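K.L.:
Right, I'll just put the structure down here and ask away after.
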Amino acid sequence: AAPTILVREGKPWAVIGSTGSERMTSGIFQVLVRLRHQSPFEAVHAPRLHCTPDGLVRLEAERFSPDVLHELTRHGFTLETLGPYSFVVGGLQLAAWQDGVMHGVADARRDGVAIASKPAQSQFPA
């Protein structure tokens, strides 16, 4: 669900999709923001959270710094602690170009694998 294609200079450079739920948007957004400064693998495997409109924050608490948890609580959010790599905060797949190489990343929060093959002639950036 939620197939998302990122285009740079008129060519696709990343494709991401997530399982369907209210949490897919926040999961995709967090990965896309992280892709600016992290590798595709780091961006997908970083800790995640999801905030509901009523201020409930579901998060992989032990993967966040205690300072983050303190600040969320201090600002009035209610925390729902999840285990590491919890399916509750999404499960997505990503394919992205980095340094001329296509990387496929399967989220540990969901089953699946990333498999690559090199086509004879790619239409994507090198």
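The values are calculated or read from the model by the stated rules, or taken from the named source; none is laboratory data. Worth saying up front: this structure is predicted, and the values here are computed from it rather than measured. Please note: Cβ atoms are built from the backbone with ideal geometry, for glycine as well, and neighbour counts cover all protein chains shown. SASA here: full protein model, heavy atoms, side chains in, ligands and nucleic acids out. Shrake-Rupley method; radii C 1.70, N 1.55, O 1.52, S 1.80 Å.
K.L.:
Could you sort the peptides 87-97, 25-35, 7-17 by per-residue average Cβ neighbour count (10 Å cutoff), highest mean leading?
P.N.:
87-97, 25-35, 7-17
K.L.:
Might you work out the accessible area of residue 75 for me, using a 1.4 Å probe with all protein chains in place, and round it to the nearest 10 Å²?
P.N.:
The value for residue 75 is about 120 Å².
K.L.:
Which cross-chain or sequence-distant (5 or more) residues have an amide H under 5 Å from the amide H of residue 79, H modelled 1.01 Å from N in plane?
P.N.:
Residues meeting the criterion, in which the H sits 1.01 Å from N, are 57.
K.L.:
So, one more: Counting only heavy atoms of the protein chains, get the accessible area per residue of the chain (1.4 Å probe) and round it to a whole Å² value.
P.N.:
Heavy-atom SASA per residue in the chain reads 62 Å².
K.L.:
Just going by the charge dipole of the chain, with Lys and Arg at +1 and Asp and Glu at -1 on Cβ, which of 31, 91, 10 is farthest out on the positive end?
P.N.:
It is 10, whose Cα lies furthest towards the positive end.
K.L.:
Using the Karplus equation 6.51 cos²θ - 1.76 cosθ + 1.60 (θ = phi - 60°), what ³J(HN,Hα) coupling, rounded to whole Hz, does each residue of the range 76-82 give in order, writing x for Gly and Pro?
P.N.:
Result, ordered by residue: x, 7, 9, 9, 10, 7, 10 Hz.
K.L.:
Across the range 104-114, in residue order, what do the Karplus-derived ³J(HN,Hα) couplings come to in whole Hz, using 6.51 cos²θ - 1.76 cosθ + 1.60 with θ = phi - 60° and x for Gly and Pro?
P.N.:
x, 10, 9, 5, 5, 6, 9, 6, x, 9, 10
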